[in-house]
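All remarks here apply to the structure that follows.
The values are calculated or read from the model by the stated rules, or taken from the named source; none is laboratory data. Just so we're clear, the structure is a prediction, and the values are computed from it rather than from any experiment. Note that each Cβ is placed from the backbone with ideal geometry, even for glycine, and that neighbours are counted across all protein chains shown. Remember, those area values only see protein heavy atoms, side chains included, never the ligands or the DNA or RNA. Shrake-Rupley method; radii C 1.70, N 1.55, O 1.52, S 1.80 Å.
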Amino acid sequence: MSIAADHAAPDAAPLSKSLKERHVAMIALGGVIGAGLFVGASAAILAAGPAVIISYAIAGAIAFLVMRMLGEMAVARPGLGSFNAYIRAALGPRAAFVSAWLYWYFWIIVVGAETIAGASLLHDWVDLPVWMLGLVLIALLTATNLMSVKAYGEFEFWFSLIKVLAIIAFILVAAVHLGVLALDGTSPTATLLGSGGLLPKGLAAVLGTMPTAMFSLTGSEITSIAAAESDDPAGNVSRAARTVALRITTFYLLAIILIVATVPWDSLQSGHSPFVTAMAKIGIPGAAILMQAVILVAVLSCLNSGLYVCSRTLFELAEANDAPRALVAVGPRKVPTRAILLGSAAGFLAAIASVVSPGLVFAFLLATSGSVILVVYIMVALAQIADRKRRDAAGEVPAFPMWAFPYLSWATIAGIGAVFVTMLFLPDQRSQLAASFAAVVVAAAAAWWRRRA
């Protein structure tokens, strides 16, 4: 099809509204649980010791406030679309262009990374090349997304349920184990604080792990995208916003506290699941195999959601004429077929780059995408501030208000800014910050050129 034909494509058909409350609730519940928790937490714990709990608490507070701001805008304008639609309404088309393309790019690289992560896990069981296993995974989940949005929601419901149950089971087992130890006269506090106290590496290490903690907690905003295809968009987003603090507290803070109270923090290995180490210490048989299966589910969940998010973001860009109009094509099952296929192809190319050139091409892609999600969060906060001021001036009373406006809204932006400042002073993250900033500049220049043309 020619470019002219692409832009002559008919207006977008409406997407399906077949996601149920249970789908959106479980997507919200499991959205923040990924390999970043199951595996990546070990590197964060080693970097800061038990004080990593503070890093996750601050990062969790920022994620919670971002979701609260999204909730306010969703309730004020129900059914408008994803968070990019609220940015468009409050800050204008250029800001929406930048946020949507950065968000799409971020998730394309996530799709590539998760494809290879899942293929590498399967490679331990299936003797096939990693790239081939990755192709099978991405093809299967692309097929799921093409079937219907309900199929995506159903798969994600069960993926998320398995992750949630795994975390809850670990918390219960670890809590019982530590309780028994305490009855025997052995204090879990001795394990928690026995290797240098709460701050064995100082406050600087706490700040240094903030970027890792912040990136691990991204994903809650997917709820606003999924809710747009449900029968109660505003209600589903506000419910997710109300419970995000509880989810982060339970799944991250409580789990990590139990890990560092079960095994000495300095005995963990970077890249090795701290959950496996803790369960081995408790004496759970087959812990490694069990956790490997759970991690695979977490990876598939992230891959499934990544493909979904990429397609809906691209569809929204095409609707606004910020991407080829042909991408608004909706199939008989009311899913954006072309946007799904393009996102899958781009994600697989990113996965191939990680196999062919992990130290150059894929490292560059990771660096340029690494921090852009935080820029998107800042834009969400700025959109909420602008939208709220406009409503206040019109005398409207928000039904689901952001607390202590505008102070907490600006505090959220300041918190994300503090993460950027921290990265600036960390040699291993400074280059990522610079590369991500370059990606933002490119997106901003493209937005200026697009609107000028």
Quick check on the stretch 412-433: of everything there that is in contact (Cβ under 8 Å) with a residue 40 or more places away in the chain and over 21 Å from the mean Cα position of the chain (by Cα), which residue is farthest from LEU91 (Cα to Cα)? LEU426
Does at least one position in the stretch 17-32 carry a residue that is more than 17 Å from the chain's Cα centre (by Cα) and at positive phi? no
When the stretch 244-265 is examined, which residues are found to be open to solvent by 40 Å² or more (accessible area, probe 1.4 Å) and modelled with pLDDT of 90 or more? LEU254, ILE257, PRO264
Would you say GLY36 is part of a helix (DSSP H, G or I), of a type outside the set (D, E, K, R), at pLDDT below 90 and open to solvent by 10 Å² or more (accessible area, probe 1.4 Å)? yes
For helices (runs of 4 or more DSSP H) lying entirely in the stretch 311-408, having 3 or more residues that are under 30 Å from MET132 (Cβ atoms) picks out 337-356, 361-369
From the list ALA41, ALA59, exactly one residue is in contact with a Leu (Cβ under 8 Å, 6 or more places away or on another chain), open to solvent by less than 10 Å² (accessible area, probe 1.4 Å) and either within 25 Å of ALA204 (Cα to Cα) or at pLDDT 85 or above (or both). Which is it? ALA59
If SER436 satisfies every condition in (1) under 24 Å from the mean Cα position of the chain (by Cα); (2) surrounded by fewer than 22 Cβ atoms within 10 Å (Cβ to Cβ); (3) of a type in the set (S, T, N, Q) but one, which is the exception? (2)
Looking only at residues in the stretch 276-293 that are in contact (Cβ under 8 Å) with a residue 40 or more places away in the chain and surrounded by 22 or more Cβ atoms within 10 Å (Cβ to Cβ), which one is nearest to ALA446 (Cα to Cα)? MET291
Could you identify the single residue in ILE109, ILE171, ILE167 that is open to solvent by less than 30 Å² (accessible area, probe 1.4 Å) and within 27 Å of GLU316 (Cβ to Cβ)? ILE109
All positions within the stretch 120-159 that are among the β-branched types (Val, Ile, Thr) and either assigned to a helix (DSSP H, G or I) or in contact (Cβ under 8 Å) with a residue 24 or more places away in the chain (or both): VAL130, VAL136, ILE138, THR142, THR144, VAL149
Does the stretch 338-346 include one or more residues that are over 22 Å from the mean Cα position of the chain (by Cα) and open to solvent by 10 Å² or more (accessible area, probe 1.4 Å)? yes
